[in-house]
Amino acid sequence: MKTALILFTNLILFQFIAQVDYYDYVNYKGDTIRLEVIQEPTICDCNDIDWRNKEQKKICNLTYDYDFMSEEEQQAYDKQLYICKYPSICDCANADQKDKGLLKACNRLYNYKHISSEQLKKNLEELKKCPKKKDSNFSICDCINVDDYRLKKKCNDTFFNDSLISEADRKKNLAQLKKCVEKQSYELEVTTCDCALYGDTDKEYKAICDEKLNEKKKNKRELTQYLYDLKICKESAILDEYLERKKISASDYKYTVCRCNEDDVSKEVIEKCNQIWVFDEMNKTEQKAFSNTVSKCKK
């Protein structure tokens, strides 16, 4: 298992890099329109899909297969879908910032630029009445193995910020955090890519990943998507290792395999791509990962 030192280091690292995927829609004029694809969409994200975004539709259909839901799940889905379509001002006040679909609906309904000053005043009064999100279950143990920037900042402000917390309390908090690690009294956040990279070598990750796999087996489509995502993660890691071995500068990471295989790229981009992605310099594993990635770029 990763050492406690790494866990504590993760706690104070506030750099958050989000990988964004896109689907290229080509219209009748031959123009390419790049549409964002959310890999883990919310119900509201799926309710707000651009009709041209075929890749997003595919992911949403796999993620929210109504026919495979239990009656209880369908009721919960219908309830959330209603909120997506008709959010109250309190739904918007407590919206998760990652839920882009809900945020768009909130912006359409409550954007101050599109309403009268009188309505704005009413909205502000209603906003004051909104109950705050309950946070009673939040503890210092929740601050281990955290990737989300906002939660990291919340952890730091709540338990370690020297301008908000006394030195004595910080020492107590640190001691409590060590106990969380020793007792493993925290929920390890394991992504699909974590399972792809560590699921075969780390016992704790393997137990969680095996449980995740068994859960996916209940839904054939989810299982298919999960296995596909595992493969993508492994291939991405292989290509990352190739780039590290070639000592590619950070500025050149934008020349991805898919960008280099786009139509009508400039001569300058082609020259740069040819310098970075040299098929003959790759080992067999890297060549296979590269070829598979190229084939997926065109889909």
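The values are calculated or read from the model by the stated rules, or taken from the named source; none is laboratory data. Remember, predicted model here, so these are calculated numbers, not experimental data. Note that we place each Cβ from the backbone using ideal geometry, even for glycine, and neighbour counts take in every protein chain shown. Protein only, heavy atoms only, side chains kept; ligands, DNA and RNA dropped before computing areas. Shrake-Rupley method; radii C 1.70, N 1.55, O 1.52, S 1.80 Å.
If you go through segment 239-259 and keep only what is under 23 Å from Y25 (Cα atoms) and part of a loop (DSSP other than H, G, I, E, B), you end up with Y255, T256. Only one of the listed residues (K296, K231, K254) is of a type in the set (D, E, K, R), within 21 Å of Y23 (Cα to Cα) and open to solvent by less than 50 Å² (accessible area, probe 1.4 Å). That residue is K296. Scoring C195 on the criteria (1) open to solvent by less than 40 Å² (accessible area, probe 1.4 Å); (2) under 23 Å from the mean Cα position of the chain (by Cα); (3) closer than 28 Å to I33 by Cβ leaves a single failure, condition (3).
V265 passes every criterion in (1) touching a residue at least 12 places away in the same chain (Cβ under 8 Å); (2) over 17 Å from M282 (Cα atoms) apart from (1). Looking at E36, E72, E118, can you tell me which residue is charged (D, E, K, R), under 26 Å from E222 (Cβ atoms), more than 17 Å from the chain's Cα centre (by Cα) and open to solvent by 50 Å² or more (accessible area, probe 1.4 Å)? Of the residues listed, the single one that is charged (D, E, K, R), under 26 Å from E222 (Cβ atoms), more than 17 Å from the chain's Cα centre (by Cα) and open to solvent by 50 Å² or more (accessible area, probe 1.4 Å) is E72.
Against the test of being surrounded by fewer than 17 Cβ atoms within 10 Å (Cβ to Cβ) and under 29 Å from K218 (Cα atoms), the options D31, D45, D67, D50 yield a single qualifying residue, D67.
Looking across segment 53-63, the residues that are open to solvent by 60 Å² or more (accessible area, probe 1.4 Å) and within 21 Å of K218 (Cβ to Cβ) come down to K58, N61. Here are E262, E286, E268: which of them is among the acidic types (D, E), more than 28 Å from Y198 (Cα to Cα) and either part of a helix (DSSP H, G or I) or open to solvent by less than 60 Å² (accessible area, probe 1.4 Å) (or both)? That would be E268, the only listed residue that is among the acidic types (D, E), more than 28 Å from Y198 (Cα to Cα) and either part of a helix (DSSP H, G or I) or open to solvent by less than 60 Å² (accessible area, probe 1.4 Å) (or both). Scanning segment 89-111 for residues that are open to solvent by less than 50 Å² (accessible area, probe 1.4 Å), within 16 Å of the chain's Cα centre (by Cα) and without any contact (Cβ under 8 Å) to a residue 60 or more places away in the chain yields a count of 1. Whether a residue is polar (S, T, N, Q), assigned to a helix (DSSP H, G or I) and out of contact with any Pro (no Cβ under 8 Å at 6 or more places or on another chain) was assessed, and Q80 passes this test.
Give the residues of segment 155-168 that are open to solvent by 70 Å² or more (accessible area, probe 1.4 Å) and modelled with pLDDT of 75 or more, sorted by residue number.
Hit for segment 155-168 is E167, nothing else.
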